[in-house]
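Below: the structure, in structure tokens.
The values are calculated or read from the model by the stated rules, or taken from the named source; none is laboratory data. It should be emphasised that the depicted structure is a prediction, and the values quoted were computed from it without experimental measurement. Don't worry about glycine lacking a Cβ; one is built from the backbone with ideal geometry, like all the others, and counts go over all protein chains shown. Surface areas here come from the heavy atoms of the whole protein model, side chains and all, with no ligands, DNA or RNA. Shrake-Rupley method; radii C 1.70, N 1.55, O 1.52, S 1.80 Å.
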Amino acid sequence: MYSQGLIGADGRTTESEEFLARFQARIDAEEKIEPTDAMPEGYRRTLVRQIGQHAHSEIVGMLPEGNWITRAPSLRRKAALLAKVQDEGGHGLYLYCAAETLGVSREEMTEELLTGKAKYSSIFNYPTLSWADIGIIGWLVDGAAIMNQIPLCRCSYGPYARAMIRVCKEESFHQRQGYELCMSLAFGTPEQKAMVQDALNRWWWPSIMMFGPHDADSQHSDQSMAWKIKRFSNDELRQKFIDATVPQAEYLGLTLPDPDLKWNEEKGGYDHGPIDWSEFWRVVKGQGPMARDRIKARKKAWDEGAWVREAALAHAEKRRARKMAAE
Ligand code: 3HC
């Protein structure tokens, strides 16, 4: 007796209902799934897709901010930005390692990024036009990332959950440095305040799109929530983010660019205006304003790093051979 709807490695349904029920019971009992455990092929593929895309987002996410390192207005700001961008690189590396435990190689994942098969977060396809964008990215983009990623620390797959604990600690620092930067601009000269308001106007809608399509249009949410990969739906996380961010904007004396944003006493949260999903899907499908530049930069880095990867592999092989000879 075989189940319906789940696919095996051969592309057909091959997993017995008994196996799937046993696996689901482990998930329901909050057991962590580890790399050597038996798992449904659909579970493995979902994780490879999500962790791979998450890793790509961290790495591509270094580009918009990296663009401002040489132009940071003070040594203190430069040091913080440099550390933040390096952290994002580290997050990408933990996540690639977590995905590798599922039997996919770094080369395969990179190939999928460079050919457009694997996505990365829509948010990183927008340009950073002013210094205020750096504050807004920390405040909103890292703020949205934390809201989405704290629940991932409880994801059912052990290596992903453990990687996310450190990632979230670092993202909290990123969010605070961003908000602090926005504070100094919002409470600065009228020109500085106008600059941060302009950045907020450009980044607000893309930030709330980061959480993905509405639940009704989210293709993977139901299964990912049943497998406890996701703990909250896209709309639930978006709502939490909006509710946390509105008072922060009010404190700064800034206006969120949504005339329909208002407190709804009954639901205990803010209502917001309609999201432009046509823009979201355009960006997700690779037509974002900076999409071409982002992939071009990643391809250049990958090609130019080939000699480093080859040298590291040759060195590891030499050490292995030496150790074997000595034994
Ligand atoms: N950008 C690009 N693609 C997106 C997206 C977004 N903001 N939101 C959803 N999508 C894609 C999905 O990947 C999926 O496409 P696929 O089938 O080709 O993979 C499709 O739209 C349908 O969306 P679903 O809601 O069904 O997809 P998921 O269940 O995977 O949910 C998600 C999307 C909430 C982003 C989820 O994958 C997730 O939580 N991922 C882990 C966190 C992550 O990747 N965050 C990215 C930002 S990291 C970051 O910001 C770095 C930090 O330093 C700031």
| message | Skipping prolines and chain starts, which residues have an amide H placed within reach, meaning under 5 Å, of the one on I275, given they are 5 or more residues away or on another chain? | response | none
| query | Can you list the HN-Hα couplings for region 103-114, worked out from phi with the Karplus curve (6.51, -1.76, 1.60; θ = phi - 60°), rounded to whole Hz and with x for Gly and Pro? | reply | x, 10, 9, 4, 4, 5, 5, 5, 4, 5, 5, 5
| said: Could you report the accessible area of V308 in Å², rounded to 10, computed with a 1.4 Å probe on the protein chains as they sit in the structure? | reply: 70
| query | Which of the listed residues, S218, A194, W205, is farthest toward the dipole's positive end in region 188-228, when Lys, Arg count +1 and Asp, Glu count -1 at the beta-carbon? | reply | A194
| message | Quick check: pseudo-label points 7 Å beyond the Cα along Cα→Cβ at K318 and N264, how many nm apart are they? | response | 6.4
| task | State the dimensionless ratio Rg/Rh of region 94-203 (Rg: radius of gyration of Cα atoms; Rh: Kirkwood radius). | result | 1.08
| Against the longest alpha carbon principal axis of the chain, how many degrees, from 0 to 90 and to the nearest 10, is the axis of helix 291-304 turned? | 50
| request: Can you tell me the 0 to 90 degree angle between the C-alpha axis of helix 158-186 and the longest principal axis of the chain, rounded to 10? | output: 10
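Run the dipole for the chain about the Cα centre, Lys and Arg Cβ at +1, Asp and Glu Cβ at -1, nothing else charged, and hand back the magnitude in debye, nearest 20. Walk me through the intermediate numbers first.
Working: 43 positive and 46 negative charges, 270 e Å.
With only Lys, Arg, Asp and Glu charged at Cβ, the dipole is about 1300 debye.
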| remark: Rounded to the nearest Å, the spacing of the alpha-carbon centers of region 252-288 and region 12-50 is 35
| said: Apply the Karplus curve 6.51 cos²θ - 1.76 cosθ + 1.60, θ = phi - 60°, to the phi angles in region 250-259 and return the couplings in whole Hz, x for Gly and Pro. | reply: 4, 4, 7, x, 9, 10, 6, x, 9, x
| query | Near the amide H of K230, under 5 Å away, which other amide H atoms are found, from residues 5 or more places off or on another chain, if H is placed in the peptide plane? | reply | M225
| query | Normalised by the number of residues in the chain, what is the relative contact order in percent for Cα pairs under 8 Å and 6+ residues apart? | reply | 17
| For Y157, distant residues with modelled amide H under 5 Å away | I33
| request: Project the alpha carbons of region 39-139 onto their principal axes and report the range along each, largest first, in whole Å. | output: 51, 23, 21
| request: Taking 7 Å along the Cα-to-C-beta vector as the label spot, tell me the T101-W277 distance in nanometres, rounded to one decimal. | output: 3.5
| note | Residues of region 134-164 with backbone N under 12 Å of the label point set 7 Å from the Cα of S184 along Cα→Cβ are 135
| request: Would you rank W203, W307, W281, W302 by solvent-accessible area, highest first, keeping every protein chain in place and using a 1.4 Å probe? | output: W307, W281, W302, W203
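Which whole-number percentage describes the relative contact order of region 255-327, with Cα contacts under 8 Å and a sequence gap of 6 or more?
Dividing the mean separation by the residue count of region 255-327 yields 13 percent.
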| So for K323, K299, what's the accessible-area order with a 1.4 Å probe, most first? | K323, K299
| remark: Tilt, helix 75-100 to longest principal axis of the chain (alpha-carbon atoms), in degrees rounded to tens, equals 30
| request: Considering the options I275, F241, A306, tell which one lies farthest towards the positive end of the dipole of region 205-308, charges being +1 on Lys and Arg and -1 on Asp and Glu at the Cβ, about the Cα centre. | output: A306
| Ratio of Rg to Rh over the chain (Cα coordinates, Kirkwood Rh, two decimals) | 1.00
| query | For the chain, with the dipole built from +1 on Lys and Arg beta-carbon atoms and -1 on Asp and Glu ones, taken about the Cα centre, which of L93, Q24, G52 lies farthest toward the positive end? | reply | L93
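Just order 68-76, 84-92 by mean Cβ neighbour count inside 10 Å, highest at the front, would you? The partial results should precede the final answer.
Numbers: 68-76: 11.8, 84-92: 19.0.
For the peptides 68-76, 84-92, the packing ranking is 84-92, 68-76.
Once you charge only the Cβ atoms, +1 for Lys and Arg and -1 for Asp and Glu, what is the size of the charge dipole of region 223-327 about its Cα centre, to the nearest 20 debye?
Numbers: 21 positive and 17 negative charges, 249 e Å.
Around 1200 debye, computed over region 223-327.
Provide the gained length on full extension for the span K300 to A38, in nm with one decimal, where the gain is 0.36 nm per separating residue minus the Cα-Cα distance.
90.5 nm
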| query | How large is ³J(HN,Hα), in whole Hz, for each residue of region 123-137 in order, when computed from phi with the Karplus curve 6.51 cos²θ - 1.76 cosθ + 1.60 and θ = phi - 60°, using x for Gly and Pro? | reply | 4, 7, 9, 9, x, 9, 8, 9, 4, 4, 4, 5, x, 5, 4
